[in-house]
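Engineer: Once you've had a glance at the structure underneath, I'll fire off some questions.
The values are calculated or read from the model by the stated rules, or taken from the named source; none is laboratory data. Just so it is clear, the structure is predicted and the values come from calculations on it, not from any experiment. With ideal geometry, Cβ positions are generated from the backbone for all residues, glycine too; neighbour counts draw on all protein chains shown.
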Amino acid sequence: METQQTKKQLASENTNIKFGKAGWGIILYCGAMFFFLIGFSIDGLNIVAPAFAAKTGIDYADVLSVATIAGFIGILSYILIGRINVKIGARVTSGICMIGAGLSYIYWGSTETLFTYGVGLTLVTSFINGAAYIAGGALVAQWFPKKKGLVNGFTTMGHNLGSAFYVPLIAFLIGAFQMAKGMTFTGIAGIVLGLIGLAFIRNLPQDKGLYPDNVTKEVFESEYCTESVGEGKLWTLGKVLKTKEVWLVSLVIGINQLVTTGVMSQLVVRNMGIGFSQAKAISLMTMCACVGVAGSYLFGFIDQKFGVKKAIIIFLVWYSAALAVNVTDTVMGVYISVGMVGIAIGAAANFIVSLPASVFGRHGFAEVYAAYFPIMQAVLMTNYIINAQAIRITGSLRGAYLVYIGLLIVNIIIISSINVKKYNKDYLAEDQALGKR
């Protein structure tokens with residue numbers, strides 16, 4: 001019979017942050033990769049794209065259109081990187097991809113034509129996502145299979161810190177040293193991070209004589225599946241694609257990221273449309289990103305304490321309310337929604353790794369993630385179509401926000417139908433230890 005003492009010992013319910021030196025090293029490494037992800041391929045475009053247009057005289061709209069093409073090509077590269085990650089492991093994959101991202105960023109800064117600019121952006125997008133999400137996600141799943149929610153709350157702070165600090169950093173560097181030299185500085189920093197990863201990061205805690213979640217040998221043997229990762233592997237690509245949970249999880253996270261990307265990529269434009277000056281709208285976006293740091297930890301804690309399904313449902317209700325307040329088109333509504341959206345964007349990235357890691361566990365994570373991530377990205381990319389159609393039909397982004405609210409409500413229905421522990425061998429072992437199965 002389950003006692004209170006036993007319950008307190010469960011790693012899946014433990015919210016302390018005693019991850020150990022090696023564990024914190026993994027967390028800081030993954031957080032740093034997220035910082036460069038946001039800076040290199042997303043928010044940094046606010047500076048790099050105008051700088052390139054000004055340098056070359058190419059129309060800014062044409063420069064922006066390249067990002068969509070790069071995103072769709074990236075989906076194909078994620079399939080390849082995912083398979084490579086399965087074969088060679090997350091340490092080497094993350095290190096090589098970070099080095100590739102840094103070198104590509106340096107090349108991108110030196111481009112002079114729209115074609116070479118597109119090549120540079122595509123390479124940067126592919127490598128940095130491969131490092132931060134595909135390899136970084138695998139590291140989190142292996143090192144923290146039951147504390148992934150709490151850990152993701154820390155690693156995704158890199159997202160928000162990137163939004164808050166990378167943009168002014170690259171703006172200063174490009175302003176002071178021009179585009180090529182300015183981007184070389186941060187490109188070299190990305191290469192250094194990759195080299196650090198190759199030298200010090202390990203695929204599994206067992207490689208350092210440790211156990212997942214930094215638990216003791218006794219806890220590991222009683223609450224975890226002791227089968228080695230890769231032993232008795234059952235997840236072939238065909239089976240992955242035939243498993244409905246793969247598609248449902250991809251759809252849920254894809255919709256979450258579709259909404260988040262759609263909101264954040266046009267937040268300045270949206271707030272200016274309500275009546276704010278550009279400077280004020282930009283400051284509101286920075287405030288939103290800073291609030292997101294708290295959102296990352298808050299929902300990481302909720303995930304750890306109450307489970308990923310409840311955390312996602314709470315997140316979806318909160319996000320829907322935030323956008324509903326925004327579409328009132330009032331000044332007060334915008335101020336309130338900025339804080340609420342900040343919490344939501346901080347939380348959204350947590351679930352990209354946490355949900356598939358919960359459903360499929362560390363034993364099948366790499367194989368499943370190799371298929372899940374490209375599918376999720378394909379759903380995400382439709383945000384550009386929704387934004388464009390909303391502006392064309394309604395004349396503003398308000399219509400897009402209403403569509404986003406509807407999608408978030410649909411997501412509540414979908415996540416409610418998913419067994420979020422179905423294929424997770426560690427949770428099965430925990431249930432057996434408690435006499436539940």
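Engineer: Quick one: which residue in Ile375, Ile409 is exposed (fewer than 15 other Cβ atoms within 10 Å of the Cβ) and either aliphatic (A, V, I, L, M) or within 20 Å of Val240 (Cα to Cα) (or both)?
Structural biologist: Ile409
Engineer: May I ask you to say which residue of Phe154, Phe144, Phe185 is without any contact (Cβ under 8 Å) to a residue 40 or more places away in the chain, of a type in the set (Phe, Trp, Tyr) and assigned by TED's automatic domain parsing to the domain that holds Pro50? Write out each step before concluding.
Structural biologist: On the way: Phe154 fails: without any contact (Cβ under 8 Å) to a residue 40 or more places away in the chain; Phe144 fails: without any contact (Cβ under 8 Å) to a residue 40 or more places away in the chain.
So the residue among Phe154, Phe144, Phe185 that is without any contact (Cβ under 8 Å) to a residue 40 or more places away in the chain, of a type in the set (Phe, Trp, Tyr) and assigned by TED's automatic domain parsing to the domain that holds Pro50 is Phe185.
Engineer: Only residues in region 417-433 that are touching a residue at least 60 places away in the same chain (Cβ under 8 Å) and assigned to a helix (DSSP H, G or I) count as the first member; pair them with residues that are surrounded by fewer than 20 Cβ atoms within 10 Å (Cβ to Cβ) and among the small types (Gly, Ala, Ser), Cβ under 6 angstrom, at least 6 apart or cross-chain, and list the lot.
Structural biologist: As it stands, the answer is Ala433/Ser222, since those pairs meet every condition given.
Engineer: For region 1-97, please list each of the helices (runs of 4 or more DSSP H) lying entirely inside it that holds at least 1 residues being on the phi > 0 side of the Ramachandran plot, in contact with a Ser or Thr (Cβ under 9 Å, 6 or more places away or on another chain) and surrounded by fewer than 19 Cβ atoms within 10 Å (Cβ to Cβ).
Structural biologist: Numbers: elements: 4-9, 20-37, 45-56, 60-88.
Those helices (runs of 4 or more DSSP H) do not exist here; none qualify.
Engineer: Now, a different point. Looking only at helices (runs of 4 or more DSSP H) that fall completely inside region 232-308, which ones have 2 or more residues that are small (Gly, Ala, Ser), free of Cβ contacts under 8 Å to residues at least 12 places away in the same chain and surrounded by fewer than 23 Cβ atoms within 10 Å (Cβ to Cβ)? Walk me through it before giving the result.
Structural biologist: Details: elements: 237-242, 244-265, 267-274, 278-306.
Hits in region 232-308: 278-306.
Engineer: Which of the helices (runs of 4 or more DSSP H) contained wholly in region 136-204 include at least 1 residues that are more than 17 Å from Leu355 (Cβ to Cβ) and modelled with pLDDT under 95? Quick ask: steps written out before the conclusion?
Structural biologist: Numbers: elements: 136-143, 148-155, 157-161, 167-200.
In region 136-204, 157-161, 167-200 are the helices (runs of 4 or more DSSP H) which contain 1 or more residues that are more than 17 Å from Leu355 (Cβ to Cβ) and modelled with pLDDT under 95.
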